[in-house]
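A.B. asks: If you scroll down you'll find the structure; I have some questions about it.
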Amino acid sequence: MAISFGMLVRKIVGVLFLILAGMTVGTAVLQTGFDGSGLQAPPQGADLFRAVREPPSRGDFLAMAAITLAVGAVLSLIGVAFFGFRKWRPTLGWTLAGSAAYGLVALLSFYSILNSPTFLEQMEARTPGSTRAFTQFSIDLVPGLLSGGLILLAGLALLWLEYSRKGRSRGRISRPGPAGIEESSAWSESPGKAATPAGNRPTSVTVISWYILVSCVLALGAGIWGIFDPFTQDLMKKTPIPIPVQYVMMFAGFLVSTLCGIEMLRGRGWARSFWVAWTGVSMVVGLVISPMPEFLISGAVLFLVVAFFLYRPKVSTYFRVAGAKTSGNGS
């Protein structure tokens, strides 16, 4: 069934609000990990805490996290309203799970930066005295991991309630007839169509595809910015691959990921396989050649989680049915 232009715009606006909500809630998770007790008074002339009289305490960070979480909740409700209240459980579930993953990755990345002598040395060599204010921050992983884990569990609980309800409802559709022959509805005539009727894209595919597309835009912006950033150039020089080749790989990755994200929304199974293969190989290469491979570990874990959801039975059925339908229309 064709989707009207107004419906398409509403879905896009809803997705954008949900992505913004996820980033906001993820920021709240990061804020809960800041340990105010590790902060020292800023040096004379430092700009970091110019707006406050004293360095913020742990209580201040927790208060900021509560406010940020409330803003994220409002953005989530707006996104659900645009996307459709009928699917509030999977929509909110994926938003909470994604935001928790984003917050945990940001927390671990920030912790790795503060505990990476290589990064701090490069930063100090580029701008003497810059690490003095930066290292005033202290990370306590326990509250950050706890808050992120609770939000992640809440999202997974909503997803479990939604998909277990769908599984029970499908199980009640087919009942044995009086002659011992199963009475099948249109849902049970074909296993593929039973799990994924025409036009019913799994929510996980929608979320992951849009995540890939948004990440591509952000990565492209970061790559262009890195061309003019001396610190990024210094880090790239420490790898065995020449810088021009690195930029070719980066822009090729942008094109491949963008194409795969668009084609996965259209139900093309080859896009799923191509994206997983390309990203997996890129992760391995990055872990081998990167001067700071610890920064890539959290991204590798997130990639494995995304790959797991892309190869769930229901998602595989969607790509198989959508691919068969596309082949049939083209023949």
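Taken together, the values in this text are just the output of simple stated rules run on the coordinates, not laboratory data. These figures come from a predicted structure and were not determined experimentally. Quick reminder, even Gly has a Cβ in these numbers, built from the backbone with ideal geometry, and neighbours come from all protein chains shown.
A.B. asks: Amide H to amide H under 5 Å from I139: which residues, 5+ apart in sequence or cross-chain, H placed 1.01 Å off N in plane?
C.D. replies: Counting only residues 5 or more places away or on other chains, the set is D35.
A.B. asks: How long is the gain from K11 to A222 if the chain were fully straight, where each residue apart is worth 0.36 nm and the alpha carbon distance is subtracted?
C.D. replies: Gain on extension, K11 to A222, equals 73.3 nm.
A.B. asks: Is any residue of region 240-271 close enough, with backbone N under 11 Å, to a label point placed 7 angstrom from the Cα of A277 along the Cα-Cβ axis, and if so, which?
C.D. replies: Answer for region 240-271: 270-271.
A.B. asks: Quick check on region 197-326: take the gyration tensor over C-alpha atoms, sort the square-rooted eigenvalues as a ≥ b ≥ c, and tell me if it's rounded (a/c under 1.5), prolate or oblate.
C.D. replies: Values: a/c = 2.70, a/b = 2.17, b/c = 1.24.
Cα axes put region 197-326 in the prolate bin.
A.B. asks: Stretched out fully, how many nm does the piece from L161 to V71 gain, at 0.36 nm a residue minus the Cα gap?
C.D. replies: Gain on extension, L161 to V71, equals 29.9 nm.
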